[in-house]
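See below for the structure under consideration.
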Amino acid sequence: MSGAQGLIFDEPLLWEMGSPGRVAYAMPSQDVPAQPVDATLTGPGPDFPDLSEPEIVRHYTRLSQWNLSVDSAMYPLGSCTMKYNPKTNERQAGLPGIAQAHPLLPTALRQGLLRLMFDLEKFLAEITGLDAVTLQPAAGAQGELTGMLIFYAYHARQGRPRTKILIPDTAHGTNPASAALCGFQAVHVPSGPDGILEPQTVAALMDDDTAGIMVTNPNTLGLFESNIRQVAGIVHQRNGLVYADGANMNAVLGVVDMAAMGVDILHLNLHKTFSTPHGGGGPGAGPVCVAQKLAPYLPVPRVVRAGDQYLLSDDAPLSVGKLHAFYGNFGMLVRAYSYILSLGPELHKVSQLAVLNANYIKAGLKDHYHLPYDRTCMHECVFSDKQQVAHKVSALDIAKRLIDYGFHPPTIYFPLVVSGAMMIEPTESESKETLDHFIEALRAIAKEAETDPDLLHQAPHIAKLRRLDEVQAARKPQLAG
Ligand SMILES: *Cc1c(COP(=O)(O)O)cnc(C)c1O
């Protein structure tokens, strides 16, 4: 349907290709006597394959084509915001003065870089409504860890360290992990029948040993926590803090003021919302934004302005310390800065379109798949495999079959509150035609589930690799190739 069929090349190892003596390009003939690299080295030299330049170029180009990426197709992986990253951001990050800057440059030679950080902090503060920002954490989860360290430091400073954190069942899985890493006990908060938090549940659990709450808003069901102000009020009344997991900020950019919602601290995922590349464990950035009362605890160094000079300052006696070498993944900061400046006052349209696209998909599929929470969603919608299970077809089968139709599968079996969940996040970057193709593909699969379930059990049929043994892959990974 997306035009992706056939032409999947088999690719041998480099050592199985080429021919002895073949080279990629000719070096000039040498005009000095040959010397061994290291006279103590004996035995045969390294086993390099002998290949021509086109053989090498095609080998790596073909391997790269085995991957699906946002640059090749829609990638509706819920909770991951796999949106298109405009190439202009790459261009700015690759400018020699930026890409080749050394982190130990003297202050006078890095004024532009410091100003970029200073301004980006200001932008993120304005976008979230919070007062101060650190750009240091390298990922969303590290932002959460920073937040939990600040929770701890704040309560310790009040003279009464606290031991527990409230975490709703619709939170991202990294939330309880980050709380536990800091020695907090995660207290499970069940969401109500509408898929959102109920104030009375929070009130019953909040006590003086509880440091605060971690809320993902919009939550992992793609629903806006509309009781958030009441919930924040209950937590604040017992001197607790409110942490918002802002990885899903893509749904509410320029629309929601986090501080007005009662949030004290929040992390952002630049590699989701602010259009910097992610996936494959590459560099990310999880800036943390805080209300004024928490600013003294932010990691050092802080970027400060003294007159017309920008400086890095370690002068923060209450700081939780350092979370990353130097200042975090600087290249990601440049891309986010470029993205924000290129959209300017139009930034809120990102979220309006992301929400519109998700609701379009929800409307297009709700007669074909079970929709556990039938409410207006934010940037993602969550279906389940309940209707297909009747034909012995699971969310996994549906996801695998989507590959045959040329689409990356959505997130499945998450969030945990929905059994057989399929979590679809189209993002704002897809056109109506692509969304229509995607909806058609999932409708066709729903029909196949009734008429030919075996076709789905065997899927994918048109793919480099077929159904993988995922348990075996996780238990006994072969890392040596
Ligand atoms: C992605 C995500 C995270 C974790 O971010 P990483 O950068 O992968 O560590 C946390 N919370 C939510 C809601 C997310 O979507």
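Could you pull out every one of the helices (runs of 4 or more DSSP H) wholly within segment 107-183 that has 2 or more residues that are away from the ligand (no atom under 16 Å from the Cβ) and within 22 Å of Met261 (Cβ to Cβ)? Answer list for segment 107-183: 111-128, 140-157.
Given the conditions (1) farther than 22 Å from Lys464 by Cα; (2) under 19 Å from the mean Cα position of the chain (by Cα), which single one is not true for His368? The one condition His368 does not meet is (2).
Taking each residue of segment 453-481 that is in the same structural domain as Gln388 (by TED's automatic domain parsing) and more than 19 Å from Leu442 (Cβ to Cβ) and looking for partners that are β-branched (Val, Ile, Thr) and in a loop (DSSP other than H, G, I, E, B) with beta-carbon atoms closer than 9 Å, six or more apart or interchain, yields Lys464/Ile8. Quick check: is even one residue across segment 388-398 among the small types (Gly, Ala, Ser) and assigned to a helix (DSSP H, G or I)? Yes, because at least one residue in segment 388-398 is among the small types (Gly, Ala, Ser) and assigned to a helix (DSSP H, G or I). Within segment 248-266, the set of residues being in a loop (DSSP other than H, G, I, E, B), under 19 Å from the mean Cα position of the chain (by Cα) and surrounded by 24 or more Cβ atoms within 10 Å (Cβ to Cβ) comprises Asn248, Val252.
For the criterion of being surrounded by 13 or more Cβ atoms within 10 Å (Cβ to Cβ), aliphatic (A, V, I, L, M) and within 28 Å of Thr174 (Cβ to Cβ), Ile439 fails. Scanning segment 275-292 for residues that are farther than 20 Å from Thr174 by Cα and either touching a helix residue (DSSP H, G or I) at 6+ places or on another chain (Cβ under 6 Å) or without any contact (Cβ under 8 Å) to a residue 60 or more places away in the chain (or both) yields Ser275, Thr276. Evaluation of Ile403 against the conditions (1) within 27 Å of Gly195 (Cα to Cα); (2) in contact (Cβ under 8 Å) with a residue 40 or more places away in the chain; (3) not in a loop (DSSP other than H, G, I, E, B) shows that the sole unmet condition is (1). Of all residues in segment 244-265, those satisfying the criterion of being among the hydrophobic types (A, V, I, L, M, F, W, C) and within 11 Å of the ligand (Cβ to nearest atom) are Ala244, Ala247, Met249, Ala251. Leu241 satisfies every condition listed in (1) touching an Asp or Glu at 6+ places or on another chain (Cβ under 8 Å); (2) over 25 Å from Cys381 (Cβ atoms); (3) open to solvent by 10 Å² or more (accessible area, probe 1.4 Å) except (3).
Pick from segment 184-212 the residues that are part of a loop (DSSP other than H, G, I, E, B) and open to solvent by 50 Å² or more (accessible area, probe 1.4 Å): which of them is nearest to Thr376 (Cα to Cα)? So that I can check it myself, show each step before the final result.
Pass one, segment 184-212, residues part of a loop (DSSP other than H, G, I, E, B): 184, 190-198, 206-209.
From what is left, the residues that are open to solvent by 50 Å² or more (accessible area, probe 1.4 Å) are 190, 193-194, 198, 208-209.
Numbers: Pro190: 21, Pro193: 15, Asp194: 11, Glu198: 18, Asp208: 36, Asp209: 36 Å.
Across segment 184-212, the extreme among qualifying residues is Asp194.
How about segment 419-433: which of its residues are acidic (Asp, Glu) and touching a residue at least 40 places away in the same chain (Cβ under 8 Å)? Within segment 419-433, Glu425, Glu428, Glu430 meet the criteria.
Residue by residue, here is whether (1) within 20 Å of Pro283 (Cα to Cα); (2) touching a residue at least 24 places away in the same chain (Cβ under 8 Å) holds:
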| position | (1), (2) |
| --- | --- |
| Lys83 | yes, yes |
| Glu90 | yes, yes |
| Pro96 | yes, no |
| Gln100 | yes, no |
| Asp131 | no, yes |
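Scanning segment 324-346 for residues being out of contact with any strand residue (DSSP E or B) (no Cβ under 8 Å at 6 or more places or on another chain) and in a loop (DSSP other than H, G, I, E, B) gives a total of 3.
Screening segment 267-315 for residues that are within 22 Å of Tyr154 (Cα to Cα), assigned to a loop (DSSP other than H, G, I, E, B) and more than 10 Å from the ligand (Cβ to nearest atom) and picking the one that is nearest to the chain's Cα centre (by Cα) gives Pro287.
Consider segment 197-229 and keep the residues that are in contact (Cβ under 8 Å) with a residue 40 or more places away in the chain and of a type in the set (A, V, I, L, M). The one that is farthest from the ligand (Cβ to nearest atom) is Met206.
The values are calculated or read from the model by the stated rules, or taken from the named source; none is laboratory data. The shown structure was predicted, so the numbers you read here are calculated from the model rather than taken from an experiment. Positions of Cβ are generated from backbone atoms using ideal geometry, with glycine treated the same way; all protein chains shown enter the neighbour counts. Note: accessible area is taken over every heavy atom of the protein model, side chains too, but ligands, DNA and RNA are not part of it. Shrake-Rupley method; radii C 1.70, N 1.55, O 1.52, S 1.80 Å.
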